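Report on the following structure.
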Amino acid sequence: MENPLQLKCLNHISLVCRSVEKSVDFYQNILGFFPVKRPGSFNFSGAWLFNYGIGIHLLQSDNPDSMPKIGGINPKNNHISFQCESMALLEKKLKELNIEYVTSGVEEGGIRVDQLFFHDPNGYMIELCNCDILPVTPLPVDSIQSSCSLTNRNVRRLRQQEQQVQLQVQKIEHVLWRN
């Protein structure tokens with residue numbers, strides 16, 4: 001697969017907060033993130049958290065009252081998603097914590113993925129799911145819409161990328177099955 005920018009992985013997401021303190025409490029005590037050192041040269045309030053191979057950078061809003069109101073829970077809104085071990089345990093825990101959530105699911109090829117959606121203290125949508133049971137399947141080159149004007153060179157490149165993605169998926173599946 002081509003990697004023109006030489007990207008390695010997703011490093012962090014950055015979220016503007018009504019209250020950094022409440023957000024740290026939520027991400028630490030609900031989602032299991034832990035605080036990490038933040039550069040002291042920043043001239044604004046915030047906190048850095050880390051776990052599951054990703055960082056969350058929380059930034060204090062300059063005007064928390066002007067942040068959008070927290071709306072209803074809509075699984076089609078922007079969200080960040082975390083894979084989990086037990087959906088039943090998660091649902092039980094969210095009920096105990098009185099966190100409002102909605103459940104959803106998707107089926108593909110006889111595989112059902114269960115999903116729970118809820119908001120953090122700032123209204124950012126969080127999804128918890130068992131998405132890892134759904135295989136990542138690269139689309140075949142033939143499925144690309146005919147409205148695209150592909151040259152033979154592009155078709156060859158896409159086929160090579162498809163083969164590389166399939167190899168990467170096999171490696172990931174091997175690691176997941178091993179664990």
Worksheet item: Measuring from label point to label point, each 7 Å out along Cα→Cβ, what is the Asn78 to Ile133 span in nm?
Response: 3.1
Worksheet item: Could you state the per residue volume, in Å³, of the convex hull enclosing the Cα atoms of segment 73-138?
Response: 91
Worksheet item: Where does the charge balance sit around Tyr101 when Lys and Arg score +1, Asp and Glu -1, over other residues with C-beta under 14 Å from its C-beta?
Response: -3
Worksheet item: Which of the pairs Lys22/Lys69; Lys22/Lys95; Lys22/Lys93; Lys37/Lys95 have their Cα atoms more than 24 Å apart in this structure?
Response: Lys37/Lys95
Practice prompt. Output the relative contact order of segment 1-63, whole-number percent, from Cα pairs under 8 angstrom with separation of 6+ residues.
Written response: 41
Response to the item:
Taking every other residue with Cβ under 11 Å from the Cβ of Cys84 and scoring Lys and Arg +1, Asp and Glu -1, one gets -4
Worksheet entry | Two-site FRET efficiency, Leu97 against Gln6, from Cβ-Cβ distance with R₀ of 30 Å, rounded to 0.05 | 0.15
Item to complete: Ratio to report: Rg/Rh of segment 1-63, with Cα atoms as the point set and Rh obtained by the Kirkwood method; give two decimals.
Response: 1.06
Worksheet item: Which percent of the accessible heavy-atom area of segment 73-138 goes to carbon and sulfur, probe 1.4 angstrom?
Response: 49
Worksheet entry | Surface per residue (accessible, 1.4 Å probe) for segment 1-63, Å² | 67
Item to complete: Using packing as a proxy for protection, rank 104-113, 117-126 so that the peptide with the highest average count of other Cβ atoms within 10 Å comes first.
Response: 117-126, 104-113
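The values are calculated or read from the model by the stated rules, or taken from the named source; none is laboratory data. These numbers were taken from a predicted model, which means no experiment stands behind them. With ideal geometry, Cβ positions are generated from the backbone for all residues, glycine too; neighbour counts draw on all protein chains shown. To get the accessible areas, we keep the full protein, side chains included, count just its heavy atoms, and leave off ligands, DNA and RNA. Shrake-Rupley method; radii C 1.70, N 1.55, O 1.52, S 1.80 Å.
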